[in-house]
Amino acid sequence: MKIFREQVLSSKRKESLLQLWNNEYPASLNHEAIHDFDLYLNSLSNAEHYFLLDRNKIKGWAFTFLRENEDWFAIIIDSQIQGNGKGSLLIKELKKNNDSLNGWVIDHENEIKNNAAPYKSPLLFYEKNGFTVCSEIRMENEKISAVKIKWQR
C-alpha cells in the first residue's frame, strides 16, 4: 500500500471517499448525497488529503485543514484493515507535514454504523500515536458526542 497526497479531489475520488465515510463513521455522521458531502469538503480551509491506496482502491483517508488558526485533521480506515498499523502510517505522514494536529474523537461505544455494527471508539489508537486527550473540551450536539485530542511536535 502506498500513501498519496492531493489538494484537489476529482468527482470519482469524492464518490469513493463518501462511500468510505458512510461505511466507517457512525450513521449519525453520514452524508445522504454527494452534494452534501461536497458542501462539507468545500467548507474546509487549506485542505490536504492523504490516501492509502491498495491497487487503486482507497483503504484509508486522512485530511488536514485549518480551523480558527489551528491545524485539524480527520482519518478514516477501512474496517477490513484496521489494527494492522495502516492508520499509524497515515498519522505519521500527517505529523511530517504539521507541527500540531487537533481532532474530535468519539470516546464512547454507543454509536452504530450504517451496517448496524457498533462503532468502536478510536481513542486508544490516538493515545498510542502520541495524542493528548483534552477531556475538558467536548463537542456535544445531535450528531456527535466527542472529546478534543491534540498532538504537538
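Computing the accessible area with a 1.4 Å probe over protein heavy atoms, can you report the carbon and sulfur percentage for the range 1-59? Please report the intermediate quantities before stating the final value.
Working: 1610 of 3580 Å².
Roughly 45 percent of what the probe reaches on the range 1-59 is carbon or sulfur.
Relative contact order of the range 1-70: what whole-number percent is it, with Cα pairs under 8 angstrom and at least 6 residues apart? If you can, show how the numbers build up before the last one.
Working: 74 pairs, mean separation 26.8, N = 70.
So the answer I get is 38 percent.
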Rounded to the angstrom and largest first, Cα extents along the principal axes for the range 88-128 equal 36, 17, 15
Show that you can apply the helix-only estimate: for the chain, add -39,500 (n - 2.57) for every DSSP H stretch of four or more residues, divide by all residues, and state [θ] at 222 nm to the nearest 500. -7500 deg cm²/dmol
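Scan the range 27-110 for trypsin sites (Lys or Arg not before Pro) in coil per DSSP, keeping those whose Cβ has at most 14 other Cβ atoms within 10 Å, and list them by number. Before the final figure, lay out the partial values.
Values: sites: Arg55, Lys57, Lys59, Arg67, Lys86, Lys92, Lys95, Lys96; in loops: Arg55.
Those satisfying the criteria are Arg55.
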Using the eigenvalues of the Cα gyration tensor, what equivalent ellipsoid semi-axes result for the range 20-122 when each is taken as the square root of five times the eigenvalue, whole Å, largest first? 21, 18, 15
Of Gly103, Gly60, Gly130, which is the most mobile in a GNM of the chain whose springs link Cα atoms less than 10 angstrom apart? Gly130
If the range 81-153 were replaced by its equivalent ellipsoid, with semi-axes equal to the square roots of 5 times the Cα gyration tensor eigenvalues, what would those be, largest first, whole Å? 22, 17, 9
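Scan the chain and hand back the longest stretch that contains none of the GluC sites (Glu not before Pro) lying in DSSP loops with at most 16 other Cβ atoms within 10 Å. Let's see the in-between values first.
Details: sites that count: Glu32, Glu68, Glu109, Glu142.
That would be 69-108.
The values are calculated or read from the model by the stated rules, or taken from the named source; none is laboratory data. Remember, predicted model here, so these are calculated numbers, not experimental data. A quick note on method: Cβ atoms are made from the backbone with ideal geometry, for glycine too, and the neighbour counts reach across all protein chains shown. In case anyone asks, the SASA skips ligands and DNA or RNA and just uses the protein heavy atoms, side chains included. Shrake-Rupley method; radii C 1.70, N 1.55, O 1.52, S 1.80 Å.
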